[in-house]
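Some notes on the structure that comes next.
The values are calculated or read from the model by the stated rules, or taken from the named source; none is laboratory data. Nothing here was measured: the structure is a model prediction, and the numbers come from that model. As a convention, Cβ positions derive from the backbone with ideal geometry for all residues, glycine included, and neighbour counts pool all protein chains shown. Surface accessibility is based on the protein's heavy atoms, side chains included, excluding ligands, DNA and RNA. Shrake-Rupley method; radii C 1.70, N 1.55, O 1.52, S 1.80 Å.
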Amino acid sequence: THDGVCRDYASATGLPVVAVDYRLAPEHPFPTPLDDCDSALLWLAHHAGVGLDAARIVVAGESTGGGLASAVALKARNEGGAALVGQMLISPMLDDRKASRDAELERVALWTDDDHVTGWTAYLGPDPVESPYATPLRADDLRGLPASDVEVGELDIFRAENLDHVHRLLEVGVPVEFHLRPSVPHAFELFAPPAEVSRRALGDRYRFFCTSPTKSGWL
């Protein structure tokens, strides 16, 4: 689904883009997808010769990938991993406990509350998993995370948890750029690339990558 997206990011920014083909749930539940992403990041951090500055890496992802990017950033901070200069979280799935339960929002949502339950059950399995590496909104301390760009659509059921995450990042001094895209649902730019809101969103993402201190990779 995102091969073309990654090519567009690389073409528009001139930066190296590394897309991780992580194994998928439910055949490979947590922590396998996270381990795959973390292993890829560690590999990049030790192989600067592939064309990027290993000290200036941005991790990013959308939806499930946004949750994985957030978890990878937490793990890198906690375990002394790669030196990240940024994280871009696009409509990230961050908390298995939260769903909108908003009848008006549910009526227009492309990703529904039922999808929310199905997705998290596939990823976590039948038993509760309370690790912040599984559901980043469970993290007790967000201090020391890299500069963050967070984006969500107004008609996305992840809106509330994304706002909660942004507030918590700001409270501990993490630089945050936040975009609430008006009148659009989850993954809006994939369904309507020519729309003005989609073009504006992509422009903001390109700018975030290009304003890093030196070369950045996109994970």
Pick out, from 157, 194, 117, the residue whose Cα sits farthest towards the positive end of the charge dipole of the chain, with +1 on the Cβ of Lys and Arg and -1 on the Cβ of Asp and Glu.
194
Sorting 76, 166, 17 by the position of each Cα along the dipole of the chain (Lys, Arg +1; Asp, Glu -1; all at Cβ), the one nearest the positive end of that ordering is 17
Looking at the chain, which longest stretch skips every one of the trypsin sites (Lys or Arg not before Pro) that is in a DSSP loop with at most 13 other Cβ atoms within 10 Å, leaving the sites themselves out?
144-219
Added length on full extension, which subtracts the Cα-Cα distance from 0.36 nm per residue, residue 32 to residue 113
26.7 nm
With every protein chain present, what is the per residue accessible area of the chain (1.4 Å probe, Å²)?
47 Å²
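Place a +1 charge on the Cβ of each Lys and Arg in region 76-123 and a -1 charge on the Cβ of each Asp and Glu, then give the dipole magnitude about the Cα centre in debye, rounded to the nearest 20.
I would put it at about 220 debye.
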Relative contact order for the chain: what percent, with Cα pairs under 8 Å and sequence separation of 6 or more?
26 percent
According to the Cα gyration tensor, what semi-axes, each the square root of 5 times an eigenvalue, does the equivalent ellipsoid of region 1-87 have, listed from largest to smallest in whole Å?
20, 17, 11
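If you filter region 110-219 for GluC sites (Glu not before Pro), then keep DSSP loop positions with at most 16 other Cβ within 10 Å, what is left?
130, 154
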Using all C-alpha to C-alpha distances in the chain, build P(r) with 5 Å bins and read off the rounded percent in each one.
1, 7, 15, 20, 21, 18, 12, 4, 1, 0, 0
Percent of accessible area on region 14-80 owned by carbon and sulfur, 1.4 Å probe?
54 percent
Farthest toward the dipole's positive end in region 39-107, which of 61, 88, 46, given Cβ charges of +1 (Lys, Arg) and -1 (Asp, Glu) about the Cα centre?
46
Where a ≥ b ≥ c are root eigenvalues of the Cα gyration tensor, a/c under 1.5 meaning rounded, otherwise prolate if a/b exceeds b/c and oblate otherwise, region 108-219 counts as oblate
Take every Cα pair under 8 Å in region 6-107 that's 6+ residues apart, average their separations, divide by the length, and report that relative contact order as a whole percent.
21 percent
Nitroxide proxy distance, nm - points 7 Å out along Cα→Cβ at residue 183 and residue 171:
3.4 nm
For region 128-219, which whole percent of the accessible surface, found with a 1.4 angstrom probe, sits on carbon and sulfur atoms?
59 percent
Computed about the Cα centre, the charge dipole of the chain from +1 Lys/Arg and -1 Asp/Glu charges at the Cβ has a magnitude in debye, to the nearest 20, of 740 debye
Evaluate the distance, in nm, between pseudo-label points positioned 7 Å from the Cα of residue 192 and of residue 106 along their respective Cα→Cβ axes.
2.4 nm
Simple Cβ-charge dipole of region 102-219, Lys/Arg +1 and Asp/Glu -1, about Cα centre, in debye nearest 20:
700 debye
